[in-house]
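Structure first, commentary second.
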Amino acid sequence: MGHCNASASIQLVSLIILSGILSLETIKLGFCNDNHNVGCIDIERKALLKLKQGLTDPSDRLSSWVGEDCCKWSGVGCNNITGRVNRLDLGNRDGYEENAFDGEINPSLLVLKDLEYLDLSMNNFVGVQFPSFIGSLEKLKYLNLSGLDFVGVIPPNLGNLSRLLYLDLSLGTFSTDLHWLATLSSLKYLNLGGLNLTKATSYWLPTVNRLPSLVELHLPLCGLSILPLTIPSINFTSLLVLDLSGNKFTSTIPPWLFNLTKLEKLDFSVNSLTGKLPDSLGHLKSLRFLNLSYNSFQGSIPKSIGNLRFSYDSHVDLTSNRFEGPLPLWSSNISLLYLRDNLFSGPIPHNICQVMPNLKYLDISTNSLSGSIPLFLGNLSQLQFILISNNLLSGEIPHFWNNMTSLLCIDLSNNNLSGEIPHIWNNMPSLGCIHLSNNSLSGTIPRSLGSLTSLEFLILSSNNFSGEVPSLKNCTYLRILDLGDNKFFGPIPAFIGERMLSLKILSLRSNSFTGSIPLKLCGLSALRILDFSHNNLSGNIPHCIGNLSYLKYENTDYYSLGCIGSFELVSKGRMFVYDYHSILALVTSIDLSDNKLSGEIPMGLTSLIKLGTLNLSVNHLTGIIPANIGNLESIETLDLSLNKLSGSIPQSMVSLTFLNHLNLSYNNLSGKIPTGNQFHTFIDPSIYEGNPGLSSCPLPTGCQDNEGVPQVPSGDGGEDDDSKLEKLQFVISLVIGFCAGFSGVFGTLAMKRSWRYAYFQLLDKVKDVVLDFVSAIGTYLQKRS
């Protein structure tokens, strides 16, 4: 669910693979002939068996290769008149490792003189030399070697395949120049995506220009850096698809491009192209897919683009450039419009539904759009994704959502919206994502949200919502529930743990929730982030918290949450902002800090071996730190400060080799601080202060008599009173300056609760440092006197 700006390279690889499947199907169909009137020739059958003998077949894909008639074998096609093998399809279609062939490719294939179709794609021929004999299969019309790990270079004799119509070498690990390519005069489809073509960057275009029949050209992620602006004459004018994405072009769009008037798909994404879009772009009247995202284009969109007759279900992506001016509107046939991360300003046009009535995906996030959300936006009945986050929109959320029955995701986060959430959500069976965080919305959560049975993401953080959480027990597919930084009160609903068994992120931080933590939450087996910090919760931490099974075992489901936006999380003593689409691969956390929790730290917590952050600070916890806390082998942040813990620091904590942020201050701990491993790096005494019974380094009381530990020099005999006064004046001026700086920003902090929260965390840290400094100076002056 939801849309994410996935990494750009992953999207490009997907396009490469899809292009080989969706394009030029007529070429493939010409080789698909399974009606065999004549059995296969014996010499060719033996050649195929030699090939099978050299292959490792883990999933037994060649189990049908038995018997006399090889024309009936899986993946083998024959001419129904001559009986000769003309088709060999051994491609690993699904790409699964367990279905991939390994081993060697036997040159016995040379026996197949009439072979026209050869597909070995997406198999696992690691370390195998590129089979040079393929260049001798002169009747080949279709050759697919994509996704193979051949070593060496592409043999020049591949240029002998003058009948070749379809060539896909994408995603290979081999290297090549392009001189051999010029002789493939019949070629219609060429995909070299992902190959290293840096040696050919100066002549790739003249070479391609010698292929007059070319219909599709895919050269993404090839390391090309030179995009010639001129070419004497264009020969490949039949081109329908041009994909040059993910290269290193830095120029403007070349003028010769506008002579390719048949072009239907143009992809220059993820380059460094500059300048303004020329009016000549309007000459490409056959375009149905335009992707110029992740470049450095600037200026306004030329009006001539409005003349493009985008065919039905067209796609325009201008994400992450520096386009400016009013939001552009195009043809009525555009279905997917991505204008995210630009400098567009002004209001959202009120006639958007008349100009582009077929919109299914609208992403205009991260611009400078202002004004209100147009009421008529609700007339886009086919709209599935509406993403308008990170703008300057104001006013209320319109009451039109109930008419948009196709809607899958709505993201209005990070604007200046006010008022309440509309109360009618009953007619949206497919809605999976509601993201309204960081606005000024108020009121209660509408009970009608509980009818959204497909909802996966409900993100309402950093607003002014209040009241109790209504019943959302029908939202059983929720993966993110983030209500943090609001004014909710009442108990934490038990139905969260009873019905929302798919939850991966549960954040209720910075509210006014009361009561105890429900035991039912221990059943959330998929949970990886639990944040109840800054509430008024009481009672014990549930002993069953160790049942959070995702945090107990090694997991491999590091997939995207599929939701756009960011998530704030306190870790290592400060606030971090993570993208939702990558957070699962990075973070596991339990934060129960700043509540009124009491009792002991449950032993079950120590079984959460995949937990990265544990913050139980600012509570009323008693008892000892569990002796086997060293079992938390993945822990990076551990904060138990400002509690009433007693006993010693367990020696097992020395084994926490990933620990880089520790705070045990202001408890009743005693004994010596452990030494070894990470504890050699914890040299800040403030993380242990407020525990009078603790001793040894880095505490001054434990280091005074240790050999080799630097001491404050005693000087040559004491200082006079004037010198002491100067130091005291310095300390006082430092404190006064700090207070003045604080008062200067206080008005800004009053604007946003989340800003106040982050700032005061920093303030507490600075306060501790200043107090330590004052104390140290005082001690120093006392010793010198």
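Gly484 fails exactly one of the following numbered conditions: (1) closer than 20 Å to Asp591 by Cβ; (2) assigned to a strand (DSSP E or B). What is the number of that condition?
(2)
Would you confirm whether or not region 463-475 contains a residue that is hydroxyl-bearing (Ser, Thr, Tyr), within 20 Å of Cys409 (Cβ to Cβ) and part of a loop (DSSP other than H, G, I, E, B)? Let's see the steps before the verdict.
The first filter runs over region 463-475 and keeps only residues hydroxyl-bearing (Ser, Thr, Tyr), leaving 466, 471.
If we keep only those that are within 20 Å of Cys409 (Cβ to Cβ) too, we end up with none.
No: zero hits.
Give the residues of region 518-531 that are crowded, with 19+ Cβ neighbours inside 10 Å and in contact with a Phe, Trp or Tyr (Cβ under 7 Å, 6 or more places away or on another chain), sorted by residue number. Give the steps one after another, and end with the answer.
To start, the set of residues in region 518-531 that are crowded, with 19+ Cβ neighbours inside 10 Å comprises 521-522, 524, 527-531.
Leu527, Arg528 - these are the residues of region 518-531 that are crowded, with 19+ Cβ neighbours inside 10 Å and in contact with a Phe, Trp or Tyr (Cβ under 7 Å, 6 or more places away or on another chain).
Those residues that are among the polar types (S, T, N, Q) and part of a strand (DSSP E or B), I need them from region 353-404; list them, please.
Narrowing region 353-404 to residues among the polar types (S, T, N, Q): 354, 358, 365-368, 370, 372, 379, 381-382, 384, 389-391, 394, 402-403.
Once the filter is applied, which keeps residues that are among the polar types (S, T, N, Q) and part of a strand (DSSP E or B), region 353-404 yields Ser368, Ser370, Ser394.
Select from region 162-181 the residues that are of a type in the set (A, V, I, L, M) and either surrounded by fewer than 22 Cβ atoms within 10 Å (Cβ to Cβ) or farther than 17 Å from Gly95 by Cβ (or both) and list them in ascending order. First the steps, then the outcome.
Residues of region 162-181 that are of a type in the set (A, V, I, L, M), as a first pass: 164-165, 167, 169, 171, 178, 181.
Correct list: Leu164, Leu165, Leu167, Leu178, Leu181.
Determine, yes or no, whether Gly172 is of a type in the set (Gly, Ala, Ser) and on the phi > 0 side of the Ramachandran plot. Walk me through how you get there before you give the answer.
On the way: of a type in the set (Gly, Ala, Ser): yes; on the phi > 0 side of the Ramachandran plot: no.
No: the conditions fail for Gly172.
Give just the number: which of (1) in contact with a Phe, Trp or Tyr (Cβ under 9 Å, 6 or more places away or on another chain); (2) assigned to a loop (DSSP other than H, G, I, E, B); (3) closer than 24 Å to Ser286 by Cα; (4) modelled with pLDDT of 90 or more does Thr230 not satisfy?
(4)
Please verify whether Asp114 is closer than 19 Å to Val76 by Cα, touching a Lys or Arg at 6+ places or on another chain (Cβ under 7 Å) and either surrounded by fewer than 20 Cβ atoms within 10 Å (Cβ to Cβ) or not charged (D, E, K, R) (or both), treating the condition exactly as stated. Step through it out loud before you land on a result.
Details: closer than 19 Å to Val76 by Cα: yes; touching a Lys or Arg at 6+ places or on another chain (Cβ under 7 Å): yes; either surrounded by fewer than 20 Cβ atoms within 10 Å (Cβ to Cβ) or not charged (D, E, K, R) (or both): yes.
The answer is yes for Asp114.
Return the pair list, or none, for Cβ contacts closer than 6 Å from residues in region 421-449 that are touching a residue at least 60 places away in the same chain (Cβ under 8 Å) to residues that are buried (at least 23 other Cβ atoms within 10 Å of the Cβ) and charged (D, E, K, R), at least 6 apart or on different chains.
Final answer for the pair search is Gly432/Glu456; His435/Asp411.
Within the set of pairs 6+ apart or on separate chains, which have a first residue in region 375-390 that is over 16 Å from Leu412 (Cα atoms), a second that is outside any loop (DSSP other than H, G, I, E, B) and small (Gly, Ala, Ser), and C-beta atoms under 9 Å apart?
Correct list of pairs: Gln382/Ser335.
Tell me yes or no: at least one residue of region 695-714 is acidic (Asp, Glu), surrounded by 14 or more Cβ atoms within 10 Å (Cβ to Cβ), at pLDDT below 95 and in a loop (DSSP other than H, G, I, E, B). Walk me through it before giving the result.
Taking region 695-714 and keeping what is acidic (Asp, Glu), we get 705, 707.
Right, trim to surrounded by 14 or more Cβ atoms within 10 Å (Cβ to Cβ) and you get none.
Within region 695-714, not a single residue is acidic (Asp, Glu), surrounded by 14 or more Cβ atoms within 10 Å (Cβ to Cβ), at pLDDT below 95 and in a loop (DSSP other than H, G, I, E, B).
Which condition breaks for Thr82 when tested against (1) within 19 Å of Leu140 (Cβ to Cβ); (2) surrounded by 13 or more Cβ atoms within 10 Å (Cβ to Cβ)?
Thr82 satisfies every listed condition except (2).
If I go through region 173-223 residue by residue, how many of them are of a type outside the set (Asp, Glu) and in a loop (DSSP other than H, G, I, E, B)? Walk me through it before giving the result.
Initially, region 173-223 is screened for residues of a type outside the set (Asp, Glu), giving 173-176, 178-215, 217-223.
Narrowing further to those that are in a loop (DSSP other than H, G, I, E, B): 173-174, 176, 178, 184-188, 192-195, 197, 201-203, 209-215, 219-223.
Residues flagged as of a type outside the set (Asp, Glu) and in a loop (DSSP other than H, G, I, E, B) within region 173-223 amount to 29.
Condition check ((1) in contact with a Ser or Thr (Cβ under 6 Å, 6 or more places away or on another chain); (2) modelled with pLDDT of 85 or more; (3) loosely packed, with under 14 Cβ neighbours inside 10 Å) across all residues:
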site: Ser634; (1), (2), (3): no, yes, no
site: Lys644; (1), (2), (3): yes, yes, yes
site: Asn660; (1), (2), (3): no, yes, no
site: Leu669; (1), (2), (3): no, yes, no
site: Thr681; (1), (2), (3): no, no, yes
site: Gly690; (1), (2), (3): yes, yes, no
site: Asp722; (1), (2), (3): no, no, yes
site: Lys727; (1), (2), (3): no, no, no
site: Phe746; (1), (2), (3): no, no, yes
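For region 321-364, which residues satisfy the criterion of being over 23 Å from Leu431 (Cα atoms), crowded, with 19+ Cβ neighbours inside 10 Å and out of contact with any helix residue (DSSP H, G or I) (no Cβ under 9 Å at 6 or more places or on another chain)?
Within region 321-364, Asn321, Phe323, Asp341, Asn342, Phe344 meet the criteria.
For region 102-125, enumerate the residues that are under 26 Å from Arg163 (Cβ atoms) and not aliphatic (A, V, I, L, M).
Step one: list which residues in region 102-125 are under 26 Å from Arg163 (Cβ atoms), which gives 105-123, 125.
Hits for region 102-125 are Asn106, Pro107, Ser108, Lys113, Asp114, Glu116, Tyr117, Asp119, Ser121, Asn123, Phe125.
Residue under question is Leu239, and the condition is that it be among the hydrophobic types (A, V, I, L, M, F, W, C) and either touching a Phe, Trp or Tyr at 6+ places or on another chain (Cβ under 6 Å) or closer than 28 Å to Lys303 by Cα (or both); does it hold? Explain how you work it out, then say what you get.
Values: among the hydrophobic types (A, V, I, L, M, F, W, C): yes; either touching a Phe, Trp or Tyr at 6+ places or on another chain (Cβ under 6 Å) or closer than 28 Å to Lys303 by Cα (or both): yes.
Against the criterion (among the hydrophobic types (A, V, I, L, M, F, W, C) and either touching a Phe, Trp or Tyr at 6+ places or on another chain (Cβ under 6 Å) or closer than 28 Å to Lys303 by Cα (or both)), Leu239 qualifies.
Report every pair of residues separated by at least 6 positions or lying on different chains whose Cβ atoms are under 6 Å apart, first residue within region 515-537 and more than 15 Å from Lys610 (Cβ to Cβ), second assigned to a loop (DSSP other than H, G, I, E, B) and of a type in the set (Gly, Ala, Ser).
Partner pairs satisfying both residue conditions: Pro518/Ala494; Lys520/Ala494; Ser533/Ser593; His534/Ser510.
Looking only at region 314-352, how many residues end up being in a loop (DSSP other than H, G, I, E, B), of a type outside the set (A, V, I, L, M, F, W, C) and at pLDDT below 95? Give the steps one after another, and end with the answer.
Of all residues in region 314-352, those in a loop (DSSP other than H, G, I, E, B) come to 318-321, 327-333, 339-342, 348-351.
Those still in the list that are of a type outside the set (A, V, I, L, M, F, W, C) too: 319-321, 328, 331-333, 340-342, 349-351.
Going one step further and asking which of them are at pLDDT below 95, we end up with 328, 331-333, 349-351.
So the answer is 7.
Sort out which residues of region 182-199 are crowded, with 18+ Cβ neighbours inside 10 Å and on the phi < 0 side of the Ramachandran plot, and write them in order of number. Don't jump to the end; show me each part of the working.
Start the filter on region 182-199 by keeping residues that are crowded, with 18+ Cβ neighbours inside 10 Å, which leaves 184, 187-195, 197.
Residues satisfying the conditions are Leu184, Leu187, Lys188, Tyr189, Leu190, Asn191, Leu192, Gly193, Leu195, Leu197.
In the list Ile496, Ile410, Ile424, which residue meets the criterion of being in contact with a strand residue (DSSP E or B) (Cβ under 6 Å, 6 or more places away or on another chain) and either β-branched (Val, Ile, Thr) or surrounded by fewer than 22 Cβ atoms within 10 Å (Cβ to Cβ) (or both)?
Working: Ile496 fails: in contact with a strand residue (DSSP E or B) (Cβ under 6 Å, 6 or more places away or on another chain); Ile424 fails: in contact with a strand residue (DSSP E or B) (Cβ under 6 Å, 6 or more places away or on another chain).
After ruling out the rest, the residue left standing is Ile410.
Would you point out the residue of region 407-450, among those that are assigned to a helix (DSSP H, G or I) and either over 22 Å from Leu380 (Cβ atoms) or among the aliphatic types (A, V, I, L, M) (or both), that is farthest from the chain's Cα centre (by Cα)? Give the steps one after another, and end with the answer.
Keep residues of region 407-450 that are assigned to a helix (DSSP H, G or I), which gives 447-450.
Filter once more, so that each one left must be either over 22 Å from Leu380 (Cβ atoms) or among the aliphatic types (A, V, I, L, M) (or both): 447, 449-450.
Details: Arg447: 32, Leu449: 27, Gly450: 28 Å.
If we take residues in region 407-450 being assigned to a helix (DSSP H, G or I) and either over 22 Å from Leu380 (Cβ atoms) or among the aliphatic types (A, V, I, L, M) (or both), then Arg447 is farthest from the chain's Cα centre (by Cα).
The values are calculated or read from the model by the stated rules, or taken from the named source; none is laboratory data. Predicted, not measured: the structure shown is a model, and the values here were computed from it. Ideal geometry is used to build each Cβ from the backbone, glycine not excepted, and the neighbour counts take in all protein chains shown.
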